[in-house]
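Some notes on the structure that comes next.
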Amino acid sequence: MKILKTKKIKDFQKEFSSKFPGLKVKFYNKAHDEFSLSKSEEEIDPEKCFGDAFTQVIEDEVPEDPKMTVKEFEQIMSNLCLVNVQVFRRSNDVWIQTGRSDDWTLETQNTKGIHSIQN
């Protein structure tokens with residue numbers, strides 16, 4: 001997965017969800033505090049390109065390590081590419097922010113999200 005100034009946010013979201021089908025990501029104008037939730041009014045339109053949505057974007061490859069915690073992934077996105085992201089997990093028919101479980105791995109979050117679909 002790559003962050004590019006000319007890449008649409010929705011395209012990155014599709015790539016992320018294809019690797020982690022029980023999860024999705026949304027991008028925001030402001031970073032959220034650790035173990036906190038992002039405000040819906042600060043969500044960035046997924047039709048925007050990264051370069052239009054963020055004043056400074058560093059183009060780079062984003063690690064896809066399932067053993068990484070949500071907190072680590074969100075921090076890498078912030079430090080590496082200068083973008084604010086929030087991971088969401090599927091819970092039956094709704095998507096919930098993982099803010100209170102940021103210390104879980106992407107793999108654990110994804111597994112829980114996939115299993116909620118099957119129940």
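The values are calculated or read from the model by the stated rules, or taken from the named source; none is laboratory data. Since we're looking at a predicted model, the values are computed, not measured. Here the Cβ positions follow ideal geometry from the backbone for every residue, glycine too, while neighbour counts run over all protein chains shown.
Observations on the structure shown:
Conditions (1) modelled with pLDDT of 95 or more; (2) basic (Lys, Arg), marked per residue:
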position: Glu43; (1), (2): no, no
position: Val57; (1), (2): no, no
position: Asp60; (1), (2): no, no
position: Lys67; (1), (2): yes, yes
position: Lys71; (1), (2): no, yes
position: Val85; (1), (2): no, no
position: Thr98; (1), (2): no, no
position: Ser116; (1), (2): no, no
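- Flag for Thr69 being among the polar types (S, T, N, Q) and touching a strand residue (DSSP E or B) at 6+ places or on another chain (Cβ under 8 Å): yes
- Verdict on Ala53 being surrounded by 13 or more Cβ atoms within 10 Å (Cβ to Cβ), more than 15 Å from Phe12 (Cα to Cα) and small (Gly, Ala, Ser): no
- All conditions in (1) free of Cβ contacts under 8 Å to residues at least 40 places away in the same chain; (2) under 19 Å from Thr98 (Cα atoms); (3) in contact with a helix residue (DSSP H, G or I) (Cβ under 6 Å, 6 or more places away or on another chain) hold for Pro46, with the sole exception of (2).
- Taking segment 1-98 and the helices (runs of 4 or more DSSP H) fully enclosed by it, the elements with 1 or more residues that are under 19 Å from Gly113 (Cβ atoms) and within 14 Å of the chain's Cα centre (by Cα) are at 9-19, 70-81.
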